[in-house]
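The values are calculated or read from the model by the stated rules, or taken from the named source; none is laboratory data. Owing to the predicted nature of the structure, the values given are computational and were not obtained by experimental measurement. Using ideal geometry, Cβ is built from the backbone for each residue, glycine included, and neighbour counts are taken over all protein chains shown.
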């Protein structure tokens, strides 16, 4: 199996090759810029000091920006479970989308079809586990919102890419906005950290504020219908199901 891509290399990567066994994650981003050409220019400009391994254009075409076995600069300050600074262990995929600041829109079918093909190729090549397919906001909740609530995680899980807590929709809706007591709120937070969201706190951000960011990141990923940073019974049952899946 091979993937057809065009090449537009970036100078922004670590010069030492990594071992194939170090590649454990796929991190999905959106470009967050008004124009696709501007996003590609930024990813390939030495001045920007950012890059990714791949860019999926609006047309669905895939651009290779940094070869897989070199460390691209896409994750930044990040953490998942006991791993910090995920650049070293991940492949970054940018998807062209203006993002929340510039008119966030649905990802096109062509983009998602290409992402599925690329992800399956990478998963097989590097033996990446489904629970290690993550969004940028999962690993940097205090800084990032991408790929955001319009990204079709549920659809990807049906293609055997990433995990999803398949729970009856009617049950979930009935639990939405139902308050949790303090015990259940703490149970949710413990589940959140077991899933992989970091307990690491930036000294510049207080604990409660960090928890708010982490809860919103969880909601963007697993409960995109309502992102309010509040723990309710719907969030709790979703977190419990994810832990049973050994996320």
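Do we have residue 15 as outside any loop (DSSP other than H, G, I, E, B) and either over 26 Å from residue 132 (Cβ atoms) or assigned by TED's automatic domain parsing to the domain that holds residue 149 (or both) here?
no
Any residue that is modelled with pLDDT of 95 or more, touching a strand residue (DSSP E or B) at 6+ places or on another chain (Cβ under 9 Å), surrounded by 14 or more Cβ atoms within 10 Å (Cβ to Cβ) and farther than 27 Å from residue 26 by Cβ - is there at least one of those in segment 144-159?
No, every residue in segment 144-159 fails to be modelled with pLDDT of 95 or more, touching a strand residue (DSSP E or B) at 6+ places or on another chain (Cβ under 9 Å), surrounded by 14 or more Cβ atoms within 10 Å (Cβ to Cβ) and farther than 27 Å from residue 26 by Cβ.
Got a number for residues in segment 227-247 being within 14 Å of residue 211 (Cβ to Cβ) and surrounded by 22 or more Cβ atoms within 10 Å (Cβ to Cβ)? Outline the logic, then answer.
Within segment 227-247, the subset within 14 Å of residue 211 (Cβ to Cβ) is 228-231, 235, 239.
This time we only want the ones that are surrounded by 22 or more Cβ atoms within 10 Å (Cβ to Cβ), so: 231, 235, 239.
Going through segment 227-247 one residue at a time, the tally reaches 3.
Suppose we filter 115, 69 for residues that are in contact (Cβ under 8 Å) with a residue 12 or more places away in the chain and buried (at least 24 other Cβ atoms within 10 Å of the Cβ); which single one remains?
Of 115, 69, the one residue that is in contact (Cβ under 8 Å) with a residue 12 or more places away in the chain and buried (at least 24 other Cβ atoms within 10 Å of the Cβ) is 115.
Checking residue 196 against (1) touching a residue at least 60 places away in the same chain (Cβ under 8 Å); (2) buried (at least 21 other Cβ atoms within 10 Å of the Cβ); (3) within 15 Å of the chain's Cα centre (by Cα), which test does it fail?
Against the list (1) touching a residue at least 60 places away in the same chain (Cβ under 8 Å); (2) buried (at least 21 other Cβ atoms within 10 Å of the Cβ); (3) within 15 Å of the chain's Cα centre (by Cα), residue 196 comes up short only on (2).
Those residues that are out of contact with any strand residue (DSSP E or B) (no Cβ under 9 Å at 6 or more places or on another chain), surrounded by 14 or more Cβ atoms within 10 Å (Cβ to Cβ) and not in a loop (DSSP other than H, G, I, E, B), I need them from segment 85-109; list them, please.
Passing the criteria: only 88.
Applying the selection to segment 33-56, what residues are surrounded by 21 or more Cβ atoms within 10 Å (Cβ to Cβ) and part of a loop (DSSP other than H, G, I, E, B)?
51, 52, 53
If I ask for residues that are outside any strand (DSSP E or B) and surrounded by 20 or more Cβ atoms within 10 Å (Cβ to Cβ), which ones from segment 72-84 would you list?
Within segment 72-84, 74, 75, 78 meet the criteria.
Return the only residue of 104, 89, 70 being modelled with pLDDT of 95 or more and touching a helix residue (DSSP H, G or I) at 6+ places or on another chain (Cβ under 9 Å).
Working: 104 fails: touching a helix residue (DSSP H, G or I) at 6+ places or on another chain (Cβ under 9 Å); 70 fails: touching a helix residue (DSSP H, G or I) at 6+ places or on another chain (Cβ under 9 Å).
The unique qualifying residue is 89.
Conditions (1) more than 21 Å from residue 163 (Cβ to Cβ); (2) in contact with a helix residue (DSSP H, G or I) (Cβ under 9 Å, 6 or more places away or on another chain); (3) at pLDDT 95 or above, marked per residue:
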{"site": "177", "(1), (2), (3)": "yes, yes, yes"}
{"site": "181", "(1), (2), (3)": "yes, no, yes"}
{"site": "187", "(1), (2), (3)": "no, yes, yes"}
{"site": "195", "(1), (2), (3)": "no, yes, yes"}
{"site": "202", "(1), (2), (3)": "yes, yes, no"}
{"site": "206", "(1), (2), (3)": "yes, no, no"}
{"site": "215", "(1), (2), (3)": "no, yes, yes"}
{"site": "230", "(1), (2), (3)": "yes, yes, yes"}
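So residue 202 ticks every box in (1) over 26 Å from residue 85 (Cα atoms); (2) part of a loop (DSSP other than H, G, I, E, B) but one. Which box is left unticked?
Failing condition for residue 202: (1).
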